[in-house]
Structures are given as structure tokens and as C-alpha cells.
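First the structure, in the form of C-alpha cells, and then the observations on it.
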Amino acid sequence: MAKNLVIVESPAKARTINKYLGGDFEVLACYGHVRDLVPKEGAVDPDHDFAMKYATIERNAKRVDAIAKAISKLDAIYLATDPDREGEAISWHLSELLRERGVLDDKPIRRVVFYEVTQRAIQAAFTQPRSLSTDLINAQQARRALDYLVGFKLSPLLWKKITSGLSAGRVQSPALRLIVEREQEIERFTPQEYWTIEADVEKSAQAFVARLFTLDGEKIEQFSVTTGTRANAVTDRLAQAAAGLLRVAKVERKQRRRNPAAPFITSTLQQEASRKLRFSAQKTMRVAQQLYEGIDTGSGATGLITYIRTDSVNLAQEAVANIQEVIAKRYGRDNLPAKPHRYRTRAKNAQEAHEAIRPTDAWRIPDEVKGSLTPDQYRLYELIWQRAVACQMIHATINTVAVDFACGSVGVFRATGSTIANPGFMAVYLEGTDDTVNPEDSERTLPSMQVGDEIKLRAIRPEQHFTEAPPRYSEASLVRALEERGIGRPSTYASILSTLQQRNYVLLENRRFWPTDTGRVVIKFLKEHFDRYVDYDFTARMEDDLDAISRGEQDWIPVLRAFWEPFKERIEDKSKVSRGEVMQARELGVDPASGRPVTARLGRYGPYVQIGSVNDEAKPSFAGLIQGQSIDTITLEAALALFKLPRELGETPQGEKLVVGIGRYGPYVRYANKFVSLKREDDPYTITRERALERVAEKKEAEANRLIRRFDGSDIEILRGRFGPYITDGKKNTRIPKGREPEELALEECRQLLSKLPERKSGRRGGGQRRKSG
């Protein structure tokens, strides 16, 4: 019979650990956080040393009840939550709840930590229990209190000054600022024209390209040639000097080393999974958690990777030895370096006792465990395995060659090539990049050439180019930017990116972040009135203070007080700012038809343009912006075009009125009282009646395929839905009863099934776009 109770976060982890500990232990899951601040004003009291009011999280109350009940029969409690600040806080909150319930009866509470869910690690951890860490608990409490104070004080101000449902966050807002400022940088960007002069040459039947390197003894820079006229003149002059041949003037050969990347930490795993697997940060963490908690690969569940929330690139000696054995066996001893690679951790607060993310056993080759994994689990495990193995292999050796070709006495062209002499670690893994293709990733060979060789010149041609604006942030590049600035911590990045999208501050399109007008207005307000709290350096210093608390170097209450006093004053001061001052309209010009001003604004239902003002005799007209338009960039011409909608296109062959417009969900065609969305390639301002009828016909065909049965003289229908057939009267929907076929249901039975459903509550639907008035 069990004598000890072990608490972990998840049932998957509980099942894996249970089989390692034997009959003296019972393992239960608390399902994550069990207690949090009460979700109302006053949960943190700055006037009483930031005293906090906690309440049990409702969804996990039953778990706490089960744990409390189990304790009465057992002798000791082992808290085995995750080995970080958050895990420490979960253990502390649980112990406090149990103490409040009076179920501990002086039973010992021990804390155990481990970084991989394997038999060896679990059993070793239970031989070295410790007490709860006050420093880690205080650091997490300080972090939570800060987030609460910012959220509960600043968010309501945003609701009053901008619109409801908005939020500000200590880390979330600087992250949004990065995205908005990058978009503004792109909008300010003016492309610059420049030209390169390229030579198509051939040697030993191998064609290749050389680029103009010097002209009249001067090195060619990016903007040496900036017009087509100048480029053509240079081209003609070089062609005349070459007379069909270029002469090899110089051959320079070098050998270069490329070293492997460090093993993964949380942030680099998120970045690389985004680049190579197209995983979101949230998906990466979800799948990695599954690999960490345990997968049954044939001999019972075991963790396949080490703990996934880490800032450390350190590898344990046993792990390095394990990886070296695999390298020697699979890739040969000549791919092992003379001594193991050691990587330096960049994060200030990384604990070297923690390890990088790696396989718990490198002998679990990805292809050999593939059958036990889901496709996503396999792809992420393979990525982690490859990176860990590659980091202990020898460098890659790359041969490079640069050949200069004299073009008479006028200029010099240069061609470069490279070949991989020894792939080393590149045979296993090559790190991805965010925005450009790494030229080292592929070989470019040149034919063998010696100084003095004459090379056949096929053509000299000018090539036009334009400079490009900086790219919008991807998930990978945004995580890297946050990490480089010291904003937030890797374990929080996934939730930050998710919150920005949920709040409609940003859109993720083609895997790039675009700020919405709401996001822009929020950042404009915060930069003008709360500049310190969206300042990158201030946010990073705050993170450093929180890290210092976790190391026991600072007391948490003075840190909070230093933040709170000026923040409180700023809140009180800025509450006097009027909404009109915050929501300043952007003037676009004058409507030629009415002579009234045209402005772009952000309203309760999103961005819109307005003709006239509330003070005019005639009512102002409104039109919502469509996707891709912004109040910061829309032109007068584009704004006036919005008022051309809705457009009447006549009637359908059935006599239904045909109208094109733009609504809450984008451009549409309306026929009778039904709507069909236009496709991306359809322009609502120019779409023809014929094309609109095509979309209506497609909609009617789709509806006909959905219809199973329509009852004459009634609004009730039986339709095919995404989750199976259902009954509807246009107001309420209900499923088909189990064991019944849709075709056999009578009208009266359908009425009875619908009548059992509660009436829908009426209420205004928020978030729609404004349309033209009148």
C-alpha cells in the first residue's frame, strides 16, 4: 500500500512517473495552476506590502479535493512540479491550499525536481528532496503582481479612451510596439534604384556569371550605378574593351570553417520549429510538452526529451558521452572533435544546473521511434535530435574560390564559388534562417582556371535592382527580437504572440505579423502617455530585477514599490486625457461632390472613413475600411471609393435583387435576404453582374447539397453540417437524436426537439464594420 503522495501537473506525466516509483508511491496530477489572484480590483494591495488575495481556480477545484482526500491516508507529500519559477509557484500554492484546509497534520512536504522524465532521473531526484524555494516563489509572486497591476490599471484606461475589450501588458505591449514600429518603418521606406553589371562567361563548356567588381580602378559599391542610362553606358564601354574575351587576372583560394549551432533552448526551438516545420510557438510548446512528459515507444512510457523551458545551452557530461557514442557509430569517429564542444549561455539568469533541450537518450533514433509518434511529434523530435547530435560533431570545412577577370584596362569582374570539402556536422543538421537564403547552404562550383587564361565572354548585361524594405516579423524573428532585447522570457513568448492575435492587435498573414488599426492606436496612446512602460530598456531592466529576486539578490517588495509609485501617478494623471485627444481623426481631404471633409477614424466597430462631421446640417456618411486598408495610410481616393458601395447589379433570373457591398466579414453579394462572400480575386468595385451570378449559383448549389429535407409550410429544415446532420428553424439548431436517420423524422417531432432548447438571448453584436448611411 502507498505511503507517499507525489503531485505533478499533468496526468500524462503522472502515468509515466508512477511506473518508476513502485508501490510506496501514489502519483496524482493537479492539472497545472490550482490558485490564482481573485479576478477583481484589490487582488493586490500596494498599501499593505502588496498583499495578494488568492482563490482556487474553479476548473481544478476537484483535483485539489482529490489530493486533499488522498493525503489523509498517506505519510508524506512530494511536490514534483516543473523545475522552474512557475513550477515552484504551483507547488507553493498547492501546499498553501492544503495547509488552509488543515489536512497536512505535520506531514512532511518535500520538493523534488528533475529535468527529464526517465527512470534514472526520477529515482535520482527522489534521493535528493529539498524544501520549497522562497526566492523562486517570491520571483513568481512579483511577476504575477506586476502583470496584475499593469493589466487591471492600464486596461480599463484603454477601454475608456479607445474601445472595450482591449488590454495592455508588461511584455505584451513592448512586443506590439516592435510590430507597429516595423510596419511604420516599411511605410516610410522609399526604394532606391541601383544597377549591377554582370558578365555571362563560359569555360570548358561550363557557363557561370561574374559581376563587375571594379571600374577604372574604383570598387563598385551598391549605389555606384543608379540609372539605366549610366548602366547602359558602362555596359557598352566594357563590351568594347573586352572584345569577346575576359582574362583571368587573379585566383584566390581559401578554406573556411563553419561551426555547429548550440543545442536548443526554448526560444531557439520555437524559432527553428517556425522556420523549418512552420509550427507556431504555441504548437511547438504543446508538442514538446508531449515528448517531455512521456511516450510509449514499446517498453512503457518514457520522456523522449529533457525539460522544455530552459535558457541554458549546457549539456550534462553523461549526455555528451551518449551523443558521442551515437556519432561514432553512425557517422564515424572522424566526425568527433578532439574534445567535446562547450557552449556559452547568453541568458543572464540561466542556471547551468539546467540543461539544453536534448533527447533523453540519443540512441532513440528518430526513424526507429517514428511508429510510436504522431507526425508532429516525430518532426519535432527529429529536429531536437539532429540539433543535439550535430552540436557535438566536427566543424564543416568549406573551400572557397574567388576569380578576378580583367576586362581590358577598363574594369574587373569577379566570380565566387564554394564547395563543401568535409560536411562535418552539416551531414546531420543545418540551422535555418528567417529572411534570406544562407549562401553557405548550397555549393556553387566554378571550372578550374589559372591566371592568364582567356575566358569566352557570351554577354555583358545590366541588371536593375531596388532596395527592399525591412521584412515584417515572423514568429521566429519576433521571438529572436524579444530575446535579444531581454524582453520577457522564453517560456512566455508563445502566450504573448497568441494574446496579440486574440486581442486583434495584429494579424498573422503569410506567416508575417501585420498590426491592425486597433494595435496602432493602442501603441500610439501608450507611447505618448506611458512611454516608460513600453520602453524596451525599461522592460528589460524589469526582467533583470525579477531574475535577481529569483537568485535571492533582491527583495521583491522594494522592486514592486519602485515600479508601482510612478506608475500609479501616471495612471491618475492620464485618466484626465480626453477620448477625442486619443482618438484623433486623420484628415484625408475634401469630398469633391459635397465639399465636406473626409476623415479616417477608429470606432467601436473598427476602422472607418467619414464624410462630414456631427456638427453639419446633413448627417455624416460612414464606410468601413476593407482588409489591407489602414487609417494611417488610406488615401482620399481610396476612401471615396468606399462610398460607391453598396452597388446594385440588377436581378437574378429568379427576380432576386442583386447587391454588392462590404460587411463585417468582407466583400459580399446579397441576393434576396441571403449573402455570399466574394473570393479574394473579386473586386467589389468592379465585379460584373455575370461574375456575381456565378457566385450566387455556387452558393445555391452548396445549399442544395446541404439540404436533407424541407417541410412545406414551415421554416424547419434538416441540413448537413460540419459535425453531422441537424435540425434548424433559422433561429435554433439541434442535433438528430442518436440512432435515428434524418429522413425518418416528422415535422412535429422536429418542432418538439427545437422547443426544448432555450430561446437565444437578444443583444447587439459588436465588432461589425460601419456602412454608408442613408
Residue satisfying all of: in the stretch 447-474; open to solvent by less than 30 Å² (accessible area, probe 1.4 Å) and either under 13 Å from PHE405 (Cβ atoms) or at pLDDT below 90 (or both); farthest from the chain's Cα centre (by Cα) among these: ILE455
Among GLU572, GLU617, the single one that is outside any loop (DSSP other than H, G, I, E, B), over 32 Å from the mean Cα position of the chain (by Cα) and not aliphatic (A, V, I, L, M) is GLU572
Kindly indicate whether SER280 is open to solvent by 20 Å² or more (accessible area, probe 1.4 Å), touching a helix residue (DSSP H, G or I) at 6+ places or on another chain (Cβ under 7 Å) and over 21 Å from PRO11 (Cβ atoms). yes
Take the conditions open to solvent by 40 Å² or more (accessible area, probe 1.4 Å) and of a type in the set (Ser, Thr, Tyr) and apply them to THR688. Does it pass? yes
From the list SER442, SER372, which residue is open to solvent by 20 Å² or more (accessible area, probe 1.4 Å), of a type in the set (Gly, Ala, Ser) and at pLDDT below 85? SER442
Restricted to the stretch 31-55 and to residues being β-branched (Val, Ile, Thr) and touching a helix residue (DSSP H, G or I) at 6+ places or on another chain (Cβ under 6 Å), the residue surrounded by the fewest Cβ atoms within 10 Å (Cβ to Cβ) is VAL44
Test for LEU104: is it more than 30 Å from ARG364 (Cα to Cα), at pLDDT 90 or above and out of contact with any His (no Cβ under 6 Å at 6 or more places or on another chain): no
Looking at ILE7 and the list (1) touching a Cys at 6+ places or on another chain (Cβ under 6 Å); (2) surrounded by fewer than 20 Cβ atoms within 10 Å (Cβ to Cβ), which single condition is not satisfied? (2)
Among (1) open to solvent by 50 Å² or more (accessible area, probe 1.4 Å); (2) out of contact with any Lys or Arg (no Cβ under 9 Å at 6 or more places or on another chain), there is one condition ARG706 misses while meeting the rest; what is its number? (2)
Of all residues in the stretch 475-507, count the ones that are without any contact (Cβ under 8 Å) to a residue 24 or more places away in the chain and either within 10 Å of the chain's Cα centre (by Cα) or open to solvent by less than 10 Å² (accessible area, probe 1.4 Å) (or both). 1
Of all residues in the stretch 579-620, how many are small (Gly, Ala, Ser) and open to solvent by less than 20 Å² (accessible area, probe 1.4 Å)? 4
Kindly indicate the residue of the stretch 221-258 that is loosely packed, with under 14 Cβ neighbours inside 10 Å and closer than 28 Å to LEU336 by Cβ and also nearest to the chain's Cα centre (by Cα) among those meeting that condition. ARG257
For the subset of the stretch 591-614 comprising residues that are at pLDDT below 80 and in a strand (DSSP E or B), which member is farthest from the chain's Cα centre (by Cα)? GLY603
Just to check your reading of the model, which residue among ILE708, ILE718, ILE662, ILE727 is hydrophobic (A, V, I, L, M, F, W, C), assigned to a strand (DSSP E or B) and under 35 Å from the mean Cα position of the chain (by Cα)? ILE662
Determine which single condition GLU701 fails, assuming it passes every other condition in (1) surrounded by fewer than 13 Cβ atoms within 10 Å (Cβ to Cβ); (2) outside any helix (DSSP H, G or I); (3) modelled with pLDDT under 85; (4) among the charged types (D, E, K, R). (2)
Can you tell me which residue among VAL412, VAL389 is in contact with a Pro (Cβ under 9 Å, 6 or more places away or on another chain) and either assigned to a helix (DSSP H, G or I) or surrounded by fewer than 23 Cβ atoms within 10 Å (Cβ to Cβ) (or both)? VAL389
State whether the residues of the stretch 198-216 include one that is free of Cβ contacts under 8 Å to residues at least 12 places away in the same chain, in contact with a Ser or Thr (Cβ under 9 Å, 6 or more places away or on another chain) and surrounded by fewer than 18 Cβ atoms within 10 Å (Cβ to Cβ). no
Here are some residues: ALA396, ALA319, ALA353, ALA347. Which one is over 30 Å from ARG551 (Cβ atoms) and either at pLDDT below 95 or surrounded by fewer than 18 Cβ atoms within 10 Å (Cβ to Cβ) (or both)? ALA396
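The values are calculated or read from the model by the stated rules, or taken from the named source; none is laboratory data. This is a predicted model, so every value here is computed, not measured. Heads up, the Cβs are rebuilt from the backbone with ideal geometry, glycines too, and the neighbour counts pull from every protein chain shown. Areas reflect the complete protein model, heavy atoms only, side chains present, ligands, DNA and RNA absent. Shrake-Rupley method; radii C 1.70, N 1.55, O 1.52, S 1.80 Å.
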